[in-house]
Amino acid sequence: MSNRRFLNMALIAAVIVIAAAVSVHLLRGGQEPKFPDADNNGIKDTLVIGAAAEINNLNLQEQNDQINNICLKLTHDTLFFFTNDGKVTPRLAESYKYLDDNTIRVKLRKGVTFSDGTQLTADDVKFTYDMALRGPSAGVLAGLKSVEVVDPATILLHLGSYDASFMLNLTSIPCSIQSKKAWESGAKEPWLIGTGRYIFKEWVKGKSASFTKRNDYWDTTQQGVADEIIFVPIIDASKRARALLKRDIDVCIDPPIRELSPIENDGGLKVFEEAGTRLFYFAFNVQKAPWDNIKLRQAIACAINREEVIDKAVFGKGVPQTTVLNRGLWGFYDGIPGFGYDVARSKKLMAESGHPGGKITAKLLIADSTPYKAIANVIRENLKAVGVNVEIEVDTDAHLKERCGKGDQELYLWRWNEDQKIDWVYGDLYRSDSPFNYHHYKSKAADVLIEKVRIEKDERRRYKYGVELQTMLVNDCPQVPLYVANLILAYNAGLKGEYFFGGGNHDWSRAYIEIKK
């Protein structure tokens, strides 16, 4: 196929994918919710959210877990906000302008205060970003070289080069602006001081994290509504569903799909479902033998029946996938043949890898949350057919990530929750120096393409680089993409002000329960 023909086909595919993604997000409308009167008449005092994972760290720049980020959206604001219909809008920033490819001038809003009463200034922004560049969150601000304070309400962001993803990166929760004064005061947990609608109240590990509404939030048109928002981790999905039916919680994240009927038949509850962007995958530590063998990895990919995985794990509520980029993101390309379910091909590749008949025993590390056990059981049976004996090892979400980061694992199951930033898929998961590259995959060619996708200004060329990168990653097979799960939530029918994202990175800072009189 000629390069010109390939590019034309790729561009047509891009238009289709982008249109599909927009149609998904427009289900939520991207509209700012309307609020009741300030006296809170007819409003439940608390909003209790049953979470599917344990909160483990509320230090913004020391963590990268979805549940932590969701909590921190209550207490902190970023310079810019990413809407669920795909737009970047000013938040703490009043305006911004590219002075050239490498320089962005940002004007801050006036009258913004932190929860300790201090005024937001440009010094706080510089302090926050400088701290991020020195710590574990440095990758979030990849490309930023320095921050210059022009005056108390103006900063200049100096980039090493043009970065197509940079403005999106500034919407990320680890980039939330922190108080320089709080850090310099010697406070025990200065990272909890933010400009958000809510103030941190209490975190009892394993039990709950609670946040109370600010009465002096800087944006009087968008204040919090519920007096208190409480996150309660309930790891077992069935227990979460029962807690919702008993009204112990108001929202059930990731309800058990087999147990939706009682919720659907309860007139006071509601089930919401739409196409999602959360990609579940099976992966290898490619630095550990025998998984450093590309043919063997490809053989394993051909042995996994994605349709069976979807049926058993989410009862059909998902879409199988071959490529490594989350469905719904810009640049998603679904035209790569990849390694579909084909046992005969798997056995052929197994022989070519030097392992005829398999005769391999391996450990598969999984998290103790839904739906990993169901996925693992299907894969274990699938791999038996090609001579691979899988031993399943279960650990907590947080410890699994820690172990994968160190390279302790052989095989593992995980997911990637992403709604917008393609560089957080390519760069975080596959760049050689990324701390979140749990595959421990190192490829100079992939690193070059990752950088090209990040800095290319021409969208045609950028898309072409992305398709080339996806094709390379699928063929190198550090992971086997399984499926993108539908977004499903269950909640009190009185829920208002909800702001959902396809990958699960929801914003609850304006949500509340309306009580019918």
For this session: Sticking to Cα atoms, compute the Rg of segment 299-387 to one decimal and its Dmax as the biggest Cα-Cα distance, whole number, in Å.
Result: 14.3, 41
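At a 10 angstrom cut-off on C-beta neighbours, averaged per residue, how do the peptides 67-73, 260-266, 453-459 rank from highest to lowest?
Most protected by this proxy first, the peptides run 67-73, 453-459, 260-266.
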For this session: Output the peptides 105-115, 184-194 sorted from most to least packed, where packing is the average of other Cβ atoms within 10 Å over each peptide's residues.
Result: 105-115, 184-194
For this session: Quick one: grab the alpha carbon gyration tensor of segment 40-171, order the square roots of its eigenvalues as a ≥ b ≥ c, and give me rounded if a/c is under 1.5, else prolate or oblate depending on whether a/b is larger than b/c.
Result: prolate
Exercise. Do you know the relative contact order of segment 366-407, to the nearest whole percent, from alpha carbon pairs under 8 angstrom that are 6+ apart?
Worked result: 49 percent
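Please state, to two decimals, what the Cα-based radius of gyration of segment 417-517 comes to when divided by 2.2 N^0.38 Å (N = residues).
Its radius of gyration relative to the 2.2 N^0.38 Å reference: 1.47.
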Problem set entry | Accessible surface of the chain [probe 1.4 Å, protein heavy atoms]: carbon and sulfur percent | 50 percent
Exercise. Tell me, what does the Kirkwood hydrodynamic radius of segment 253-305 come to in angstroms if you use every pair of distinct C-alpha atoms?
Worked result: 15.0 Å
Problem set entry | Sorted peptide list for 496-502, 158-164, criterion being average Cβ within 10 angstrom, highest first | 496-502, 158-164
Problem set entry | Per-bin percent of Cα-Cα distances, segment 172-328 [10 Å] | 8, 21, 25, 25, 16, 4, 0
Seminar exercise, completed: Excluding residues fewer than 8 positions from residue 205 in its own chain, the lysines with Cα under 20 Å of it are 73, 188, 239, 401
Exercise. Cross-link partners among lysines for residue 347, C-alpha distance below 18 Å, same-chain residues fewer than 8 apart left out?
Worked result: 295, 359, 384
For this session: May I ask for the Kirkwood hydrodynamic radius of segment 308-467, worked out over all distinct Cα pairs and given in angstroms to one decimal?
Result: 17.7 Å
For this session: Please work out the average accessible area per residue across the chain, using the 1.4 Å probe convention, and give it in Å².
Result: 41 Å²
Exercise. Within the chain, which complete DSSP H helices have Cα atoms spanning at least 24 Å along the helix axis and a mean Kyte-Doolittle hydropathy of 0.5 or higher?
Worked result: 3-26
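The values are calculated or read from the model by the stated rules, or taken from the named source; none is laboratory data. These numbers come from a predicted model, not from an experiment. As a convention, Cβ positions derive from the backbone with ideal geometry for all residues, glycine included, and neighbour counts pool all protein chains shown. Keep in mind that these areas ignore ligands, DNA and RNA; they rest on the heavy atoms of the full protein, side chains included. Shrake-Rupley method; radii C 1.70, N 1.55, O 1.52, S 1.80 Å.
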